[in-house]
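Chemist: First the structure, which I've put down as structure tokens, then a few questions once you've had a look.
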Amino acid sequence: MSVEAVVKDRQPIMQVKDLYKHFGGLVAVDRLSMDIYHGEVLGLVGDNGAGKSTLIKMVAGVHRPDGGSMCFDGREVAFRNPLDARHLGIETIHQDLALCENLDAAVNIFLGREPVRRLGIFRLIDRAQMNTESRTVLDQLAIYLPNLDCPVRDLSGGQRQAVAIARAIYWKARLMIMDEPTAALGVAEQRKVLELARTLRDRDVSVVIVSHNMQDVFAVADRIVVMRRGRKVGERMVEDTNVDEVVGLMVGTSPAVDTEKSK
Amino acid sequence: MLLVFFSLAGSGFCSLFNLQSIGANAAILLIIALGQTFVIVSGGIDLSTGYLLGLVSVVAASVMTVLAATLPAPICVMIGMSVGLLAGLVAGWINGTIIARLHVPPFIVTLGMQGVLRGIGFVLSGGMPVPIFIKNLGILGNGYLLYYSPITGMTFFRPSVMGGPQLRQTVALLPHPLTLALLLVLICNLVLSRTRFGLYTYAIGGSKEAASRAGIAVASHTTRIYVVSALMASIAGLLYAVRFTNGTANAGEALTLDSVAAVVIGGASLFGGEGTIVGTLIGTLTISVITNGLVIMGVNAFWQYVAVGTVIIMAVLADQTKSRLVK
């Protein structure tokens, strides 16, 4: 099946159009357009410095685009900060997980949106509620943390990943961006994370996996978008392509084919 | 441990009077150290607090002195304090804004601010203490909250009609500076450990990046932290002014580093993310007890600096060893 055939009858959850971002003289993302559909796992691949991270940071509200537009659920959006994006259900799991190492798992899940209750003129954080609800969401994902009170720095790589994913799920993510999710993990934990990506898709959460690990991408993605030097150089359904072709597109040895003309 | 040592080594150390006087003298340092705790937990440092205290006391004293001729005492005390407080908050806001928005390291910004405040303080005061001639102002800074005598029981005011023997039996409790400091300890402890403001302070100290991605407005929160530090230093400055009924530009000279020391002895990390108000309270008391104990033992006053300095290094060393053992 070609890309067109698959996407024709599906609605995009997120559309980016002619997105452009430069840092000084360096053009990081060059007029890039792509769609992300409901309930799919999209693999976003490219060599180091291809602009993947910059692109997803714009989608997640971390960077502001210098040009172009973004639509979420058919409505044009402009994010002032990551919180704006999160309010719409766009969650990001970053390379470095973006957890506060000195704080515990429950606080990290709630950071930025803590439940509070009033006490006189003070609004105090409701620890009990945070702990209970963290426990619930971790249980849902079959994640076992012996102690919710210990700082995240004392957890293993897989456990930290679990906390980051639990945070996204608790906040009802509709579009989950995973930036190199398996980079720092052991083999067993890698498998578990990829499994989680599929679980999310089955719950109608769209997932974007950013990676240059071809094995991971081919194992879990439905569709692949290839970036090179800030531009989109290819878009393929997984079953229509193979690792060699994608790597060729990534490094620029196979000719860049625009999606509209392919197949 | 220190308490036991000094009670054995110096007579009079353990008297109620002396313990309360430690508390009253520690109050100014404690209040500054409370503000410093927020800054250090957030991963910064505020080196301007000591001279901010001095400047605020000078500003408040000058305003009070100028107004004393024309206005009734309570009003001119209020205005003087407000102006002093305002000056302090402006300095804190400038610190915070340069650090948070222009990304200049806190060490540099607050060190520079220390020089600026010191200079302005000396210019305003002409290099001399500015005395405040307002009757009874000293009571505010030197009085006690509670008095107990066998005859009248517990009262809020010094029992007035009394002869010599009864007066000797009267016990004064809770000097005002100590009461104020303890009140601020309670408030700061609540804010740092239980509110969003406190949590975001820890989050920024742990990882600015993660805090920002979690949607915390890191720049404005950082600014507010330095304003809090300046607020505490200003309150300490006003307390100094009413306790010693003057304003002195270099009144807080030694207090900047002592406040950092108190926070660090209390278990905070200079890299940010760790530290508590209770720790700071303990750190402050440690410094004050050492200072007072040495005085009572009759040791040359300059040895205090040596003792406090040694304790700081030992505290950090102990902390590092502990975290290495845990790993």
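The values are calculated or read from the model by the stated rules, or taken from the named source; none is laboratory data. Since this is a predicted model, take the numbers as computed values, not measurements. Cβ coordinates were reconstructed from backbone atoms using ideal geometry, including for glycine residues, and neighbour counts include every protein chain displayed.
Chemist: Looking only at residues in region A:121-151 that are of a type in the set (Lys, Arg) and within 13 Å of chain B (Cβ to nearest Cβ), which one is farthest from the chain's Cα centre (by Cα)?
Modeler: A:Arg123
Chemist: I've got another one for you. Within region B:100-147, which residues are more than 21 Å from the chain's Cα centre (by Cα), in a loop (DSSP other than H, G, I, E, B) and buried (at least 17 other Cβ atoms within 10 Å of the Cβ)?
Modeler: Within region B:100-147, B:Ile132, B:Ile134 meet the criteria.
Chemist: Can you confirm whether A:Leu124 is assigned to a strand (DSSP E or B), closer than 24 Å to B:Ile204 by Cα, modelled with pLDDT of 90 or more and touching a helix residue (DSSP H, G or I) at 6+ places or on another chain (Cβ under 9 Å)?
Modeler: So A:Leu124 passes the test.
Chemist: Okay, moving on. Among (1) out of contact with any helix residue (DSSP H, G or I) (no Cβ under 9 Å at 6 or more places or on another chain); (2) within 9 Å of chain B (Cβ to nearest Cβ), there is one condition A:Arg118 misses while meeting the rest; what is its number?
Modeler: A:Arg118 satisfies all of (1) out of contact with any helix residue (DSSP H, G or I) (no Cβ under 9 Å at 6 or more places or on another chain); (2) within 9 Å of chain B (Cβ to nearest Cβ) except (2).
Chemist: Mind counting the residues in region B:44-71 that are assigned to a loop (DSSP other than H, G, I, E, B) and in contact (Cβ under 8 Å) with a residue 24 or more places away in the chain?
Modeler: 5
Chemist: Kindly list the number of the only condition in (1) surrounded by fewer than 17 Cβ atoms within 10 Å (Cβ to Cβ); (2) among the aliphatic types (A, V, I, L, M); (3) facing another protein chain (nearest Cβ under 9 Å) that fails for A:Leu103.
Modeler: Condition not satisfied by A:Leu103: (1).
Chemist: Mind listing whichever residues of region A:218-232 are surrounded by 23 or more Cβ atoms within 10 Å (Cβ to Cβ) and among the hydrophobic types (A, V, I, L, M, F, W, C)?
Modeler: Result: A:Val220, A:Ala221, A:Ile224, A:Val225, A:Val226, A:Met227.
Chemist: Right, something else. For region A:42-64, which residues satisfy the criterion of being more than 14 Å from chain B (Cβ to nearest Cβ) and not in a strand (DSSP E or B)? Let's see the steps before the verdict.
Modeler: Let us first name the residues in region A:42-64 that are more than 14 Å from chain B (Cβ to nearest Cβ), namely A:42-52, A:54-55.
Within region A:42-64, A:Asp47, A:Asn48, A:Gly49, A:Ala50, A:Gly51, A:Lys52, A:Thr54, A:Leu55 meet the criteria.
Chemist: Also, quick follow-up: For the subset of region B:188-225 comprising residues that are closer than 15 Å to A:Glu114 by Cα and outside any helix (DSSP H, G or I), which member is farthest from the other protein chains (Cβ to nearest Cβ)?
Modeler: The extreme case among them is B:Ala217.
Chemist: Another question, if that's okay. State which residue pairs qualify: first residue assigned by TED's automatic domain parsing to the domain that holds A:Ala78 and farther than 22 Å from A:Val207 by Cα and inside region A:17-38, second residue of a type in the set (Val, Ile, Thr) and modelled with pLDDT of 90 or more in any location, beta carbons under 6 Å apart, and separation of 6 or more residues or different chains.
Modeler: A:Lys21/A:Val29; A:Lys21/A:Thr54; A:Ala28/A:Thr54
Chemist: If I filter region A:32-52 for residues that are touching an Asp or Glu at 6+ places or on another chain (Cβ under 7 Å), farther than 30 Å from A:Asp244 by Cα and surrounded by fewer than 21 Cβ atoms within 10 Å (Cβ to Cβ), do I get at least one hit?
Modeler: No, there is no match, as no residue in region A:32-52 is touching an Asp or Glu at 6+ places or on another chain (Cβ under 7 Å), farther than 30 Å from A:Asp244 by Cα and surrounded by fewer than 21 Cβ atoms within 10 Å (Cβ to Cβ).
Chemist: Here is a follow-up. Just one of the numbered conditions (1) touching a Leu at 6+ places or on another chain (Cβ under 6 Å); (2) of a type outside the set (Phe, Trp, Tyr); (3) not in a helix (DSSP H, G or I) is not true of B:Gln304; which one?
Modeler: With (1) touching a Leu at 6+ places or on another chain (Cβ under 6 Å); (2) of a type outside the set (Phe, Trp, Tyr); (3) not in a helix (DSSP H, G or I) applied to B:Gln304, the lone miss is (3).
Chemist: Considering region A:192-222 alone, what residues qualify as being closer than 23 Å to A:Asp47 by Cα and in a helix (DSSP H, G or I)?
Modeler: Passing the criteria: A:Val193, A:Leu194, A:Ala197, A:Met214, A:Gln215, A:Asp216, A:Val217, A:Phe218, A:Ala219, A:Val220.
Chemist: Name every residue in region A:65-79 that is within 14 Å of chain B (Cβ to nearest Cβ) and farther than 19 Å from A:Ile36 by Cα, in order of residue number.
Modeler: none
Chemist: Do you know which residues across region A:26-41 are on the phi > 0 side of the Ramachandran plot and outside any strand (DSSP E or B)?
Modeler: A:Gly39
Chemist: Now, a different point. Where residues in region B:217-227 are of a type in the set (Val, Ile, Thr) and surrounded by fewer than 24 Cβ atoms within 10 Å (Cβ to Cβ), which of them is nearest to A:Cys100 (Cα to Cα)?
Modeler: B:Val218
Chemist: A further question follows. Spot the failing condition for A:Leu148; the list is (1) farther than 27 Å from A:Asp47 by Cβ; (2) of a type in the set (A, V, I, L, M, F, W, C); (3) in a strand (DSSP E or B), and only one is missed.
Modeler: A:Leu148 satisfies every listed condition except (3).
Chemist: Still on this structure: I'm checking my understanding of the structure. Among residues of region A:106-130 that are surrounded by 14 or more Cβ atoms within 10 Å (Cβ to Cβ) and among the small types (Gly, Ala, Ser), which one is farthest from A:Arg153 (Cα to Cα)?
Modeler: My answer is A:Gly112.
Chemist: If you take the residues in region A:80-100 that are facing chain B (nearest Cβ under 7 Å) and not in a loop (DSSP other than H, G, I, E, B), which one is modelled with the highest pLDDT?
Modeler: A:Arg86
Chemist: For region B:86-113, what are the residues that are among the aliphatic types (A, V, I, L, M) and over 20 Å from B:Ser57 (Cα atoms)?
Modeler: Listed by number, the residues that qualify are B:Ile98, B:Ile99, B:Ala100, B:Leu102, B:Val104, B:Ile108, B:Val109.
Chemist: When only residues in region B:269-327 that are within 14 Å of another protein chain (Cβ to nearest Cβ) and at pLDDT below 85 count, which is nearest to the chain's Cα centre (by Cα)?
Modeler: Restricting to residues being within 14 Å of another protein chain (Cβ to nearest Cβ) and at pLDDT below 85, the top hit is B:Ser323.
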